[in-house]
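Worksheet for the structure shown next.
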Amino acid sequence: MKNQGLGTWIARRRVKSEGDVALIHGDRTYRYEELAERIDRFASALAERQVTKGDRVVYLGNNHPDFFTTFFACGLLGAIFVPLNTRLAPGELEYMIDDCAARVLVAHHEVRELARAAAWSSDVVHRIVVDGPDELPAVESIEDVLSAAHGEPPPVDVALDDAAMILYTSGTTGRPKGAVLTHGNLTWNALNVLVDYDVTSDERALMIAPLFHVASLGMGALPTLLKGGMLILQDKVDPGAVLEAIERHRITSLSGVPTTFQMLSEDPRWAQTDLSSLRKLTCGGSSVPIRVIEAYERRGLSFSCGYGMTETSPGATSLPYRKAKEHVGSSGLAHFFTDVRVVDEAGHSVAAGTTGEIEISGPNVMEAYWLRPDATRDSHRGEWMRSGDLGHLDAQGYLTISDRLKDMIISGGENIYPAEIEQLIMEQPEVDSVAVIGVPHERWGEVPLAVVLRRAEIGEDDILAHLNGRLAKYKIPRRVVFVEELPRTASGKIRKNELRGKFGLLE
């Protein structure tokens, strides 16, 4: 039996990094050998519960060491890890749990009510709670599960081409799709990060972005652990706590979305905090406002940004720190083991400076969506992944994003697809048609705005009440505006660009 997968990483680090700290969470410290022991015991416990290669194990919770316990234990068994967004509504989570036919649900006690609402009527066989007992007999505490585990986990053949993870991304048709990332996809992405961001074994990475997002896991956590560095986990973005952690733990790298970095620079403790240990600030999700860039430059710090998507594990390009000012507005060069091109509608590469659709190829790019051959077929052009985003390459290969072909909204680092919201609004018989667009917001970058054509009397409060509890709060439009008509193309499609031009400054 040979396991080439991610599940062996911490076991290999057990010896290479003996005595070194792998994780810090609150007052709890886990050295690599302690984490490896915990992973082995949990893999053994899952095997005792008949979890085998290919079975799906869902994790629902914020940043916590047992996210990694579950992730790497699944890797040892060849099971597929499925992290879910705790900000989603119960119905959204229920769809994903049913879609992947999860066998096990691991949930943090802080979200146990959400877990019950989403999964109690599902076909999940085993439910395990993290960081606390549960009063229901059908739920086990992870500490009880670990203490009762017997022996070593069984040896399992795991190849780099085997599925390691399913990450759900909202689709343009309104139904989430599960991007299947293999052990190889995530490994090659980690190697890209090691090469292009100079990750070192003395790295101290503060993880404040949710690990259930592939950017936090793929660009921060996994490369740091692969190199033998240290992760400091925080489960909430509290600016004061983040600044205190940077100073106390001598943090070397910090990743987040523009909103996070803005909140830090606006905190009263910003000017007094010792930031001298910071070497890397990486930002994704949307462009960093100039006032935030200047606030960090005054402290001697600069950002590196990049471009990617869930389906690319997630890195596609990165802009080095030393090139940031020279290529302002660019998302950088293709990662070392990844290729990026820009094509016309026929799929032919276009000349430098010409706008077209961005496509990505490389060992970090997923091959399929979970049980969605139609979506898989539509997303690929041969070996190239179609991003749905528009941009251009300059003569040196630096990529600049110009627009999002799929009309995706990015709010505080969260991806929002208008079609999902539009479908729910259209359930109301008083609504004739609707278009959801992103409008600028000082803190969140963008927020959704619903533009509605009515067929009968209905108010803004009625529409928002219909969405409440059925969508994550960040997806619910901040405003609803009513119009007499919606601009359309000759084929009947709504011209969202016109709506953005008309309503884009409402916020």
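A few notes on this one:
- The range 409-503 - share of DSSP beta bridges that are antiparallel (%, nearest 5): 70 percent
- For T355, T338, the sequence from fewest to most other C-beta atoms within 10 Å is T355, T338.
- Amide H contacts of V431 (H built 1.01 Å from N, under 5 Å, at least 5 apart or other chain): R455
- The range 398-412-the range 88-105 distance, computed between alpha-carbon centres (Å): 28 Å
- Cα-Cα over 30 Å, subset of K177/K323; K16/K236; K406/K502; K323/K475; K16/K323: K177/K323; K16/K236; K323/K475; K16/K323
- Between the range 219-239 and the range 272-302, the C-alpha centres lie 18 angstrom from each other.
- Prolate/oblate/rounded label for the range 226-291 (Cα gyration tensor, a/c 1.5): oblate
- Relative contact order (%) - criterion: Cα under 8 Å, at least six apart; region: the chain: 12 percent
- In the chain, helices alone account for a calculated mean residue ellipticity at 222 nm of -8000 deg cm²/dmol, with every DSSP H run of four or more residues adding -39,500 (n - 2.57).
- The range 54-74 and the range 28-44: distance between their alpha carbon centers, rounded to Å: 13 Å
- Gyration tensor (alpha-carbon) shape descriptor, the range 409-503, a/c threshold 1.5: oblate
- Residues R291, R470 arranged by fewest to most Cβ contacts within 10 Å: R291, R470
- Beta bridges by DSSP in the chain, antiparallel share as percent, to the nearest 5: 55 percent
- Among the listed values [x] 25.8; [y] 23.7; [z] 29.5, the one matching Kirkwood radius over Cα pairs in Å as calculated from this structure is [y].
- Global geometry of the range 185-404, whether rounded, prolate or oblate, following the gyration tensor of its Cα atoms and the 1.5 cut on a/c: prolate
- HN-Hα J in Hz across the range 444-457 - Karplus 6.51, -1.76, 1.60, θ = phi - 60°, x for Gly and Pro: 9, x, 9, 9, x, 10, 9, 10, 10, 9, 8, 10, 8, 5
- For the range 314-331, the Karplus equation 6.51 cos²θ - 1.76 cosθ + 1.60, evaluated at θ = phi - 60°, returns couplings of x, x, 10, 9, 8, 10, x, 4, 5, 9, 4, 6, 5, 10, 4, x, 8, 9 Hz by residue, with Gly and Pro reported as x.
- Pair D344, R381: separation of 7 Å Cα→Cβ label points (nm): 1.1 nm
- In nm, spacing of pseudo-spin labels at R443 and A419 (7 Å Cα→C-beta vector): 3.1 nm
- Taking the fewest neighbouring Cβ atoms within 10 Å as the starting point, the ordered list for V195, V480 is V195, V480.
- Residues whose amide H lies under 5 Å from that of M230, counting only those 5 or more places away or on a different chain, are E203, R204, A205; hydrogens are built 1.01 Å from N in the peptide plane.
- Amide H contacts under 5 Å for A179: L167, Y168, T169, W370, restricted to partners 5 or more places along the chain or on a different chain, H placed in the peptide plane at 1.01 Å from N.
- In the range 300-371, GluC sites (Glu not before Pro) in a DSSP loop with at most 13 other beta-carbon atoms within 10 Å: E326, E345
No lab work stands behind these numbers, since they all come straight from the coordinates. A quick note: this is a predicted structure, and the numbers were derived from the prediction, not measured. Counting neighbours? That spans all protein chains shown, and the Cβs are built from the backbone with ideal geometry, glycine included.
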